[in-house]
Amino acid sequence: MSDGVLKRYVRDYIHSQDGDVVDFAWQGGEPTLAGLDFFKKVVQYQKQFANGKTIHNSFQTNAIAINRQWAEFFAENRFLIGVSVDGTADIHDKYRVSVNGKPTFERVKQSIDLLKEYKVEFNTLTVINEENWNKGKEVYQALKELGSQFLQFIPIVEVRPECHQRLESYSPIANPELAPFSVPAEGYGKFMTDVFNEWVLQDVGNIYVRMFDSILACWMGYPASVCVQSKNCGQAMVIEANGDIYSCDHYVYDDNRLGNLMTTDIEKIALSKQQRNFGLDKSRNLTEMCRNCNVQALCYGGCPKHRIDVIEGEHHRQNYLCPSYKAIFTHTAPAMHHMSEAIRRGGQAADVMPMMAQIYNR
């Protein structure tokens, strides 16, 4: 990203936010490849244009390049670091290797130790794929051993390139073939329920799993904190290095290009009819199966990018991960009921842990 685009982005994004707190999220690709000097300039521009607002930065990284210079910078500027790690060494190193094909788990572990040493806040992002979907307990324990207290798990569902009808948009053919590393349709549910069984018995209030927090929020009557559970999309726009802005970081296609911040006001882009329709389509394009589902309010059809299954008699496509979402929401329901009731009585979610062994047969 050129200096001109960066300066314009920081200035306009801060000015477009009505609140007193402005959140910047840096990801890639791999953001450390931009270099430390780039992010020093980021902070410089944020201070220049803050105008009294509080600036927060999150930074998603594979952590391979983090050294003492990076750790010191993160600490001084209070960056929140998201570390991509997929479980134990053998699981992680299946796909996360260096450019020369070497395993990276030990380097990631060393980077996490550096973040701890410099007291940098961090969380972990774990991709659920064909390698780890049936190892939920093992992965969960490995992340705890790394010192992660804030965990996020995301499923990977990747349509093979030859199964797209056109390159300008996300347009998979009916029931497309998936890349071999994709998680099975029921696999994400198996993983998350296995993790839940560990978490709900011993770690509520000490370990925070983003999806479980979001489910509990919904049970409490609050909006979901995870976009795949939200009624509508459109809150995760992405800016590319040249200033182009797209509807979502999962939809960087020509048809989802909203404009360029060097020529169009960023607030105007965010409020455009194109982006509004993109967001509303999530709930507008549900199958009848979804509309009649008893867990629809916790899901709203999941991420539109995963709606690839063609069902006879349905006008719209069904989410590939539907079996997983049903399994997760059904399995967690008894605990969420008790947790939400405990909170309404003035207690805490963790108060219900003693009774969970009876419900979850442990």
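Taken together, the values in this text are just the output of simple stated rules run on the coordinates, not laboratory data. The shown structure was predicted, so the numbers you read here are calculated from the model rather than taken from an experiment. Don't worry about glycine lacking a Cβ; one is built from the backbone with ideal geometry, like all the others, and counts go over all protein chains shown.
Some notes on this structure:
- Sites Met1 and Ala50 - FRET efficiency at Förster radius 22 Å, r taken between beta-carbons, to 0.05: 0.65
- Amide H contacts under 5 Å for Ser58, placed H, 5+ residues apart: Phe24, Ala25, Trp26, Leu80
- Modelled spin labels at Gln149 and Ala75, positioned 7 Å past Cα toward Cβ, are 1.8 nm from each other.
- About its Cα centre, the chain has a charge dipole of approximately 600 debye under the convention of +1 per Lys or Arg Cβ and -1 per Asp or Glu Cβ, with nothing else charged.
- Secondary structure note: in the chain, about 30% of the DSSP beta bridges are antiparallel.
- The range 30-70 residues near the modelled Arg8 label - backbone nitrogen below 18 Å, point 7 Å along Cα→Cβ: 42, 45-46, 49
- Distances between placed amide hydrogens fall under 5 Å for Arg307 paired with Tyr320, all partners being 5 or more residues away or on another chain.
- In this simple spin-label model, placing a label point 7 Å from the Cα along the Cα-to-Cβ direction at both Ser225 and Ala65 gives a separation of 3.0 nm.
- Measuring between their Cα centroids, the range 74-98 and the range 299-362 lie 27 Å from each other.
- For Lys231, a cut-off of 23 angstrom between C-alpha atoms picks up these lysines, skipping any fewer than 8 places away in its own chain: Lys268, Lys273, Lys282, Lys305, Lys326.
- Label-point gap, in nm, between Asp265 and Ala357 - each point 7 angstrom along Cα→Cβ: 6.1
- In terms of its C-alpha gyration tensor, the chain comes out rounded, because the ratio a/c of the largest to the smallest axis stays below 1.5.
- Segment Val97-Ala174, length gained on full extension (0.36 nm per residue, minus Cα span): 24.4 nm
- Available extension along the chain between Arg345 and Ala89 is 87.9 nm, counting 0.36 nm per residue and deducting the alpha carbon span.
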